[in-house]
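Below is one structure, written out as structure tokens, with a few remarks after it.
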Amino acid sequence: MDQLTWLTTKEDRTPIVSLLSNSHYWNKDRKPLLKEVLFRNDLTQDQALHLCMHTEGEVDLVTEVSPNKASDIQRSKYAKLVKDKGRKLITGIFNRYHSIHHDHHFRLAINYAINREKLIKEGLNGYGRKIPALTPPWAVDFPEGLMPYEQNPSLALKHLRQSNWEESNTYKIAVFEDLHDIGNLVARQLHIILGINVKLEVIANEERLKWRHILAEKKLDPYFDLFIVDLNTLFLEGTPAFYHREVFGADGAYRIGPEIPEFNNLYNLFERETNSQKLLSTRKLLIVISTMKL
């Protein structure tokens, strides 16, 4: 009954949170440069971005700006766009309750049909980087040597012909509303490269919480075959504790399919390991196993 207590349904936020600097901090070389920082919880991100771009002094910093806003920001006389390596990953999660995804050839056909550079250029306005796994290359526990799939139409078709896919079927993709552009591009590429029928379902923002509950509870088999989602974490060390557990773990909120015993066994070792070198080795095994399951 308490498994979903972490899934926020309502937030009662203080409109403004004030952080005052400690002028008596003992280390003078690291004394604060600002007297006060105000966090405004009374604004949506769009409102905050508008004030940052068109006014002086109302809002000074807005984080996690959508790529489709980048060109507007660059034209603003008040705002400056700052790029950095992000922690948000966009990935497609196969619905493993559907037997077609037990077919390794079909999963490879999907992967080889996708042009990731085009997704970044057209879906994210170029603000992204192609990565080979759920762990980004700039994370501490990235296993060196992993390479991302490259689009290969002939290889994609070869694996499709070797798979159990039936031509009369329709492949269903679902995305939350903010990834609509990415979903459209993926659907188009699969249809053009593989010649299969593809249907894209966009989940409206007001339905987002409901679908997060459905996926986390695991009581229903979702209607879609592939779910495109973005994952975000605040740390870049021990990444299986979030990225991989969320998608493959026994209690993963975005695990769409039966549990994977091999992953669970390794993750249990990872949780209990206190030796830093052994922990790093376990992380890499988790990452490789997860990549094989994609």
Legend entry - Å² of accessible area per residue within the chain, as computed with a 1.4 Å probe and no ligands counted: 62
Inset, instruction - Scan around Glu201 for amide H atoms under 5 Å from its own, H built in the peptide plane at 1.01 Å from N, and keep only partners 5 or more places away or cross-chain. - result: Ile173, Ala174, Val175
Inset, instruction - Compute the long axis of helix 104-113 from its Cα atoms, compare it with the longest principal axis of the Cα atoms of the chain, and write down the angle in degrees, 0 to 90, nearest 10. - result: 50
Legend entry - Karplus 3J(HN,Hα) series, Hz, for region 196-201 with 6.51 cos²θ - 1.76 cosθ + 1.60 (x for Gly, Pro): 9, 6, 10, 10, 9, 10
Inset, instruction - Using the Cα centre as the reference, give the magnitude of the dipole from point charges on the C-beta atoms of region 1-114 (Lys, Arg: +1; Asp, Glu: -1; all else neutral), rounded to the nearest 20 debye. - result: 480
Legend entry - Residue-wise HN-Hα coupling along region 211-224, computed from phi with Karplus coefficients 6.51, -1.76, 1.60 (Hz; x: Gly, Pro): 6, 5, 5, 4, 5, 6, 6, 6, 9, 10, 8, x, 6, 8
Inset, instruction - Please give the net charge around Asn95, taking every other residue with its beta carbon less than 12 angstrom from that of Asn95, where Lys and Arg add +1 and Asp and Glu add -1. - result: +3
Legend entry - Principal axis dimensions, largest first and in whole angstrom, of region 1-141 by Cα: 63, 47, 34
Legend entry - Cα gyration tensor shape of region 165-263, rounded if a/c is under 1.5, else prolate or oblate by comparing a/b with b/c: prolate
Inset, instruction - Would you kindly give the portion of the calculated P(r) for the chain that falls above 28 Å, as a percent of all Cα pairs? - result: 49
Legend entry - Cα-projected label distance for Ile214 with Thr63, points at 7 Å along beta-carbon direction, nm: 3.1
Inset, instruction - Starting with the highest mean, order 25-38, 248-261 by the number of other Cβ atoms within 10 Å, averaged over the residues of each peptide. - result: 248-261, 25-38
Inset, instruction - Can you tell me the FRET efficiency between Gln162 and Lys83 if r is taken as the Cβ-Cβ distance and R0 is 35 Å, rounded to the nearest 0.05? - result: 0.25
Legend entry - Sequence ranges 73-80, 239-246, ranked by mean other-Cβ count within 10 angstrom, highest first: 239-246, 73-80
Inset, instruction - Give the long-range amide H neighbours of Asp141: residues separated by 5 or more places, or on another chain, with amide H under 5 Å away, using H modelled in the peptide plane at 1.01 Å from N. - result: Gly238, Thr239
Inset, instruction - Give the angle, between 0 and 90 degrees and rounded to the nearest 10, that separates the Cα long axis of helix 153-162 from the longest principal axis of the Cα atoms of the chain. - result: 50
Legend entry - Angle between the chain longest axis and helix 180-194 axis [Cα atoms, degrees, rounded to 10]: 20
Inset, instruction - Measure off 7 Å from each Cα along the Cα-to-Cβ vector at Glu56 and Arg129, then give the distance between these two points in nanometres to one decimal. - result: 3.6
Inset, instruction - Please sort 61-72, 149-160 by packing, taking for each peptide the average over its residues of neighbouring beta carbons within 10 angstrom, highest first. - result: 149-160, 61-72
Inset, instruction - Could you work out the per residue convex hull volume over the alpha carbons of region 130-209, in cubic angstrom? - result: 149
Inset, instruction - Please give the calculated 222 nm ellipticity per residue for the chain, where each DSSP H segment of at least 4 residues contributes -39500 (n - 2.57) and the sum is spread over every residue; nearest 500 deg cm²/dmol? - result: -10000 deg cm²/dmol
Inset, instruction - Just add up the charged neighbours of Arg40: K/R +1, D/E -1, any other residue whose Cβ is under 11 Å from the Cβ of Arg40. - result: -2
Inset, instruction - Run the quick spin-label model on Ser71 and Asp178: label points 7 Å from Cα toward the beta carbon, then report their separation in nm to one decimal. - result: 2.1
Inset, instruction - Among DSSP beta bridges whose residues both lie in the chain, state the antiparallel percentage, nearest 5. - result: 55
Inset, instruction - Can you grab the distance from the C-alpha centre of region 201-248 to the C-alpha centre of region 150-192, Å, no decimals? - result: 20
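The values are calculated or read from the model by the stated rules, or taken from the named source; none is laboratory data. For clarity, every value in this text was computed on a predicted model and none was experimentally measured. A quick note on method: Cβ atoms are made from the backbone with ideal geometry, for glycine too, and the neighbour counts reach across all protein chains shown. For the accessible areas, the whole protein counts, side chains as well, though only heavy atoms, and no ligand, DNA or RNA atoms are used. Shrake-Rupley method; radii C 1.70, N 1.55, O 1.52, S 1.80 Å.
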